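Enquirer: Quick one: this structure, given as structure tokens, is what I'll be asking you about.
Since every read-out is calculated from the coordinates, none of them should be taken as a lab result. Note that the coordinates shown come from a computational prediction; the quantities given were computed from them, not determined experimentally. Don't worry about glycine lacking a Cβ; one is built from the backbone with ideal geometry, like all the others, and counts go over all protein chains shown.
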Amino acid sequence: MKHLVRPMRVLVLTLVSYLLDVCVMKHLYIGSVTASACLAGIAIITVSYGKKAAFCAGCIIGILMETMMSSVPVLYLLSYPIITMLCAQWFSDLSDRQRERRKLAVAMDRQNGEVTRFRALYMSKLVNAGKKVVQFFRRDENLNPYLRIPLCAFTSALLFNAVLMVYGYISDFGLDSGHVFRALASSVYTVVVALVLMLPYRAFLKLLGRRNRTSFLNEGEQA
Amino acid sequence: MAKKERKQRKKKESGSFARNLIMVGGGSLLVILIAIMLLGNFFDQPILEKPGEVISSIMTPVQNAVSKAVGWVTGYFRTMKYRSNLEYEYEQALLKLEEYQDIGMMAEEYAARLNAYQDLTNETFGHEAMHPVAATVIGHDTGNYFSTLELNKGKNDGVLDYMAVVSKGGLVGYTYDVRDASCKVATVIDSDTTIPALMESTRDQGSVKGTYGLTGEALCRMYYLPENHLPRTGDVVVTSGVGMPFPKGIPIGTVRESTRGMEDNKQFVVIQPIVDFQHLEYVIIYRYIPSYAETAQLSEETSGVSATLVPLATARPLPEFATNVGTSFEEGGVTTPIPVDEQTPEPELTPTPSPAPDATEGPAYVFVTRSPEPNLEYIRTTPTPEGPTPSPTPLPTPTPVPEFDMDDQHFEEEEE
């Protein structure tokens, strides 16, 4: 029974996100652009509870949306779980095995002097900035979760809007710059919703003020 | 110690296994559900639509309840916003109302002023021959016994003493104590004012005197009417032009009550003035000098200045007056002097050496030496005040008396 607490929390947050999306967000239009509370909730669950929980949340949202709100068959059913899994790959906590592997890779790079050679060859600031981006994705430590949640929400919303735009393009809707602007505006609005929901959700998940899930679990185990 | 560590590791492994089992089991179940729903889109099998129906039956009431709650909350906020909008619009409407009230008041003020100007214009253009000049009332005597006004026109504008002052077709009074830029007006309701007047219908002459100092009412009394005539209520009283340099025929008022014959000690009739003395703002001064008043006026105003008539080579053109000259006995009932002949040369004023005029004393003084006009009669340009219009008292027609001439008499007997 004790092991069912976390799945139940995930289930509750997923349902709340779904109800927020279908019942509340329709009243909060800003210039005919609305946000996706489902994707914001999934982003919070992704960063907080990891890939498996994120996948389950994505599946539940997809099934609910397909059952209750579907206008295009199979679109929601597939897009939500897939987008969730993609974002979970990028923004969820690193596992112990991944962290160790990256630590080893970074150490080997330094040992081989690749970084030094890289700097010697390309001194321009542009290359250094690009290299920082590469290092960001090859980091051996987790980013702050309060930074990862908006990033995850923005990425997932952007992907979801991209899927819708592709569907529109296939269906001969006639895409123009207005659609792109609306997609960007919707993604930014989703980020804002994620920032608003982040604190109460993480408080409900007992993760408010903690950097990652591992520290919380370790503390619990030590206790 | 090793046993304890082994026990903790075993516990940790079992907890992790259970969590993984739940998550993997749940995930698998969800994947199966997705697969069934996917297949339901491609195969028309009722069993494949069952999961969707179950989920819909569970979620619909929940979603409905949440929608109602959210709808209530949003409705409340919408009402609040609507109310705040209403309050804002109400305040704006109040501001607009105040603004329009101000504009309305200004419009009324302008309309009243326009009416006054219209009256002045009518009076001025209707009696151009009397040389009218518009003046503004700049002061009132606030006493209880006298009723005098102060106007902003004086000698600089050609105003002299005893000139008629009218407003809205009625006599206000006459000027006196004329200064360079101002003059005073003795109104017809002042107790010290006596103006010769006549009944318009019967042409009975008398004199009108104010009662303000006697009774405190803005009324007049007409004395010295013939005893055999009893004026009727509503009879119009006008100036007679006798005894004062006034145009003839300016309405003074109407007979308010005529009880002269009923009471022995009441030798007057009460006249209601036409002019509203409480609301006088603008008046017109008639700078009219009748011909019979020429000598007296000039001798009064030009003390120390002798006027000599110098014949000119050409006659001075006189303005043509489209007015009825009151020379007829039948019209005016009063014998008026013969109008000045057009060939009369303009009197040229030549100052005598003694006494010399004081140069320091004289301000911007324009001595008007306008030649006297032929005696004009006032023509009403504004309607008389509403009231019963009396029928003129029928005058006794003279009984024809047979005239006998002794030469025309024939006696049959003598002829025979």
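Enquirer: Which whole-angstrom value gives the distance between the alpha carbon centres of the stretch A:39-68 and the stretch B:47-95?
Expert: 25 Å
Enquirer: From the Cα gyration tensor of the stretch B:121-237, with a ≥ b ≥ c the square roots of its eigenvalues, which class applies: rounded if a/c is under 1.5, or else prolate if a/b is larger than b/c, or else oblate?
Expert: Working: a/c = 2.34, a/b = 1.43, b/c = 1.63.
It comes out oblate by the Cα gyration axes.
Enquirer: Please go through the residue pairs B:LYS168/B:LYS248; A:LYS52/B:LYS4; A:LYS206/B:LYS11; A:LYS51/B:LYS11; A:LYS2/A:LYS52; A:LYS2/B:LYS68 and name each one whose alpha carbons sit more than 28 Å apart in this structure.
Expert: On the way: B:LYS168/B:LYS248 16 Å; A:LYS52/B:LYS4 31 Å; A:LYS206/B:LYS11 22 Å; A:LYS51/B:LYS11 24 Å; A:LYS2/A:LYS52 18 Å; A:LYS2/B:LYS68 35 Å.
Flagged as over cut-off: A:LYS52/B:LYS4; A:LYS2/B:LYS68.
Enquirer: Run through all the Cα pairs of the stretch B:192-236 and give the fraction in each 5 Å bin from 0, expressed as whole percent.
Expert: So the P(r) values, bin by bin, are 5, 21, 30, 22, 16, 6, 0.
Enquirer: Scattering from the C-alpha atoms of the stretch A:1-73 alone, worked out with Debye: what is log10 I(q)/I(0) at q = 0.19 1/Å?
Expert: Treating every Cα as an identical point scatterer, log10 I(q)/I(0) equals -0.78.
Enquirer: To continue, here is another question. Can you give me the distance in nm between label points at B:ALA18 and B:ARG113, each placed 7 Å from the Cα along the Cα-to-Cβ direction?
Expert: If labels sit at B:ALA18 and B:ARG113, their model points lie 9.6 nm apart.
Enquirer: Sticking with this structure for a sec: Work out how much length B:ASN122 to B:LYS50 would gain on full extension: take 0.36 nm times their residue separation and subtract the Cα-Cα distance, in nm to one decimal. Before the final figure, lay out the partial values.
Expert: On the way: separation 72, 0.36 × 72 = 25.92 nm, distance 9.86 nm.
Contour length minus Cα-Cα distance gives 16.1 nm.
Enquirer: As a test of the definition: which semi-axes, in Å, follow for the stretch A:60-112 when you take the square root of five times each eigenvalue of its alpha carbon gyration tensor? Largest first, please. Don't skip to the answer; put the middle values down first.
Expert: Numbers: eigenvalues 314, 19, 6 Å².
The three semi-axes for the stretch A:60-112 are 40, 10, 5 Å.
Enquirer: Ok, one more. Arrange the following residues from fewest to most other Cβ atoms within 10 Å of their Cβ: B:TRP72, A:TRP90. Don't jump to the answer; show the numbers that get you there.
Expert: Details: B:TRP72 10, A:TRP90 13.
Lowest to highest Cβ neighbour count: B:TRP72, A:TRP90.
Enquirer: Could I ask something else about it? If you take the Cα Rg of the stretch B:20-92 and divide it by 2.2 N^0.38 Å, with N the number of residues, what do you get? Walk me through the intermediate numbers first.
Expert: Working: Rg = 22.6 Å, N = 73, 2.2 N^0.38 = 11.2 Å.
That works out to 2.01 for the stretch B:20-92.
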